[in-house]
Structure formats: C-alpha cells, structure tokens
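Here is the structure we will look at.
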Amino acid sequence: MSYQLQSNGSCAFRTYSCIVLIAVIIAVLIYAFKYYTSSLVSPHFQQSGVTRLRRTLSGDRVHPPRWNDYITRLNSGTLVPADAPVATALPSGMWSGYYTFAGMRHDVCEFNLEFSETGDIDGKGVDDVGRYDIAGRYGAARLAFSKQYIARSQNTAGVVHYGNQGHTVEYRGELAGVSLGSGFRGAWTIRATLGDYDGQFHLWPAMEGWADTAPAESSGATFEENECVVCYDRSISTCLRPCGHVALCGVCASRLNPRKCPLCRQNIVSVENRAPSPPANPSHQD
C-alpha cells in the first residue's frame with residue numbers, strides 16, 4: 001500500500017494499488033484452497049511423500065468379499081473342504097512390495113504382519129496418513145486383511161493429517177506363483193465417505209531368514225501381469241538365490257549393484273532364469 005503527497009500537504013491513498021493487492025490475496029487464497037481440498041485423500045500405505053488418488057467412477061458400490069468367504073473359495077469357485085487343515089503359517093515380520101493406483105502409478109509399501117498357526121493375521125504401524133491396525137485371515141494360498149486407520153492419530157511426521165478419517169483399506173490377494181517367493185498379489189479397495197478407490201498390490205516376505213520357513217502351497221493361480229519390482233514394466237522371469245524371491249525381470253536382475261535382493265537385502269549368490277509370462281507392458285521393447 002502507498003500514499004501520494006498532494007500539493008496542499010495532504011496524503012491521498014492510491015486506490016489502484018489497493019485493488020491489485022486485494023486481487024493478489026484472493027488469488028493466493030483460491031490456490032491454497034484448491035490445493036488443500038485436493039490433498040484430503042492421501043495414499044493408504046505410502047511411507048513418504050503425498051500422492052493423490054483418483055476416485056473410481058462407477059455406478060453401484062462393489063465391496064470386497066469377507067475374509068473367510070475369500071480364503072475358503074478356490075479359483076474354480078468351489079469351497080475348500082470344511083475339514084481341510086489350516087495352511088502352514090506364513091513367516092511373520094516385514095513384508096515389502098508395491099501398490100498401484102490410477103491404472104499405472106506404483107509406490108513402495110511395507111507391512112509388519114504376524115501370522116498365527118490358526119490362520120489369523122495381525123499387525124500395526126504408522127504411515128503418512130496416521131496410525132493403523134491390521135486384522136485378517138489367511139489360508140488356501142490366499143490372504144484377506146483390513147487396515148483400519150485410527151482417526152485423528154499422528155502420522156510419521158508427527159502431525160494429524162486431515163485425510164485420516166478413520167477409514168479402512170481392504171486387501172484381498174493370493175499366491176502369485178508356485179512358491180512363497182512369488183509373493184501375494186491382489187486388489188486393495190477403499191469404500192468410505194471420502195470416496196471409492198481401487199488398485200493392485202504385490203507383497204513378498206522380506207524378513208531375514210524367511211526362506212527357511214516352509215513355503216505355502218499354490219492354489220494354481222497365475223498372474224500374467226506380474227511386474228518386476230524394480231522397473232514395474234517387464235515381466236518377472238528370475239528367482240534370486242539363496243533368498244528365493246521371484247520378483248525381478250532378467251534385465252534388472254543383471255544390473256543390480258550391489259548384488260543384493262531389493263526386497264530382503266540378502267546377498268545374491270546366483271540368479272535362476274525362468275520362462276516369463278507375457279509382457280506386463282506389450283509395447284515394451286528391450
């Protein structure tokens with residue numbers, strides 16, 4: 001703001017400068033409001049940064065099946081026999097991988113999961129949205145769990161994120177290959193007042209010594225869209241030894257430096273080549 005000295009010694013306020021200043025303030029407020037409202041929904045398990053999700057535009061809401069309904073039904077649609085033994089307990093500890101949304105974006109995710117011998121899944125943690133609890137079930141080479149945020153809890157930065165509405169993220173996945181090293185792949189969903197969101201996830205056991213645990217049995221599921229955990233482009237075509245992770249394409253496995261598994265950080269002694277599924281991205285050319 002400025003004043004102009006008049007010939008009679010008085011000061012006159014410059015109206016034009018005032019109008020410009022008010023216009024600038026209004027523009028800044030509008031920009032800040034749009035940025036704030038567009039970032040209300042944060043990624044549900046991203047460890048750092050802020051990425052906005054796209055809402056699924058659909059007619060009727062489709063909810064994921066309940067835990068037990070999902071894990072007791074095989075790919076063929078038949079039910080697992082009631083007297084079937086509970087699957088061998090999966091290794092407890094850190095599970096790492098990635099998730100997708102908007103059909104193409106990828107972000108890293110990590111969960112600290114506990115698997116009981118009776119088929120229960122438990123866990124807890126904190127991310128950039130806030131603190132959360134995990135509960136679910138596993139069996140028949142499938143897992144189903146819910147990630148429930150604690151409303152108004154502090155996130156990893158020590159602040160309360162407005163996007164934390166105490167909402168739940170549902171996960172439903174199954175063994176992606178013939179061994180536990182192939183990990184579990186499936187879909188995540190959010191059905192809440194803040195919006196409906198969907199995407200894919202792929203998790204592998206990443207705790208030390210996980211390969212010493214008895215592997216789960218495959219349900220016969222195959223995922224032609226399995227993507228390398230490094231480039232998110234080419235199909236998985238290798239098995240790392242001795243850890244046993246089936247998570248990389250041949251190109252990325254050959255380029256690793258240092259020679260450590262990107263999931264469990266164990267030293268790589270050898271790489272077994274496997275016949276890849278059809279390319280995750282048909283347009284890609286090595």
Any residue on another chain or 5+ positions along whose placed amide H is under 5 Å from the amide H of G125 is listed here as Y132
The summed charge of the I150 Cβ neighbourhood (under 10 Å; Lys/Arg +1, Asp/Glu -1) stands at +2
Phi-derived 3J(HN,Hα) across the stretch 234-250 with the Karplus relation (6.51, -1.76, 1.60, θ = phi - 60°), rounded Hz, x for Gly and Pro, is 6, 6, 5, 8, 9, 10, 7, 10, x, 5, x, 5, 10, 8, 10, 7, x
Per-residue Cβ contact counts at 10 Å, fewest first, order S92, S235, S116, S254 as S254, S116, S92, S235
Here, R73 and S116, labelled 7 Å along Cα→Cβ, have an inter-label distance in nm of 2.5
Looks like the stretch 115-212, by Cα gyration tensor root eigenvalues a ≥ b ≥ c and the a/c under 1.5 rounded cutoff (else prolate when a/b is bigger than b/c, oblate otherwise), is prolate
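Values quoted throughout were computed directly from the atomic coordinates according to the rules given, and no laboratory measurement underlies them. As the structure is a computational prediction, the values presented were derived from the model and not from experiment. FYI the Cβ positions are ideal-geometry reconstructions off the backbone, even for glycines, and counts take in every protein chain you see.
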